[in-house]
Amino acid sequence: MSKTTTLSVRMDPELKRTAERIFRQLGLTPSQAITLFYRQVELYRGLPFSVRLPNQETRQALEDAEQRHDLAQFDSPEALFDDLGI
């Protein structure tokens, strides 16, 4: 199959740099990575990953973290691990 279609995208330059650095580490060109994504969309007949809105509990946790509200504080990593039961 010959490649004859061009895709033009506007995105954040830092996101592009970061993603392309990861593609290089994976041995992929940006074109190969985008083609891989499109192939997965075709295979799954949708996005190849879950896209969901957060539930109320998650939204509240994100809002609390953003506002630094009700955040637990620990004196050491060990205290955090103890609290988590790890």
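The values are calculated or read from the model by the stated rules, or taken from the named source; none is laboratory data. Because the structure is predicted, anything quoted here is derived from the model rather than measured. Using ideal geometry, Cβ is built from the backbone for each residue, glycine included, and neighbour counts are taken over all protein chains shown.
Looking across the stretch 32-86, the residues that are among the hydrophobic types (A, V, I, L, M, F, W, C), over 21 Å from the mean Cα position of the chain (by Cα) and modelled with pLDDT of 90 or more come down to F74, A79, L80, F81, L84, I86.
Filtering the stretch 31-62 to residues that are loosely packed, with under 11 Cβ neighbours inside 10 Å and either among the polar types (S, T, N, Q) or farther than 27 Å from K16 by Cα (or both) leaves S50, N55, Q56, E57. In the stretch 63-86, the qualifying residues are those that are in a loop (DSSP other than H, G, I, E, B) and hydrophobic (A, V, I, L, M, F, W, C), and the one that is surrounded by the most Cβ atoms within 10 Å (Cβ to Cβ) is F74.
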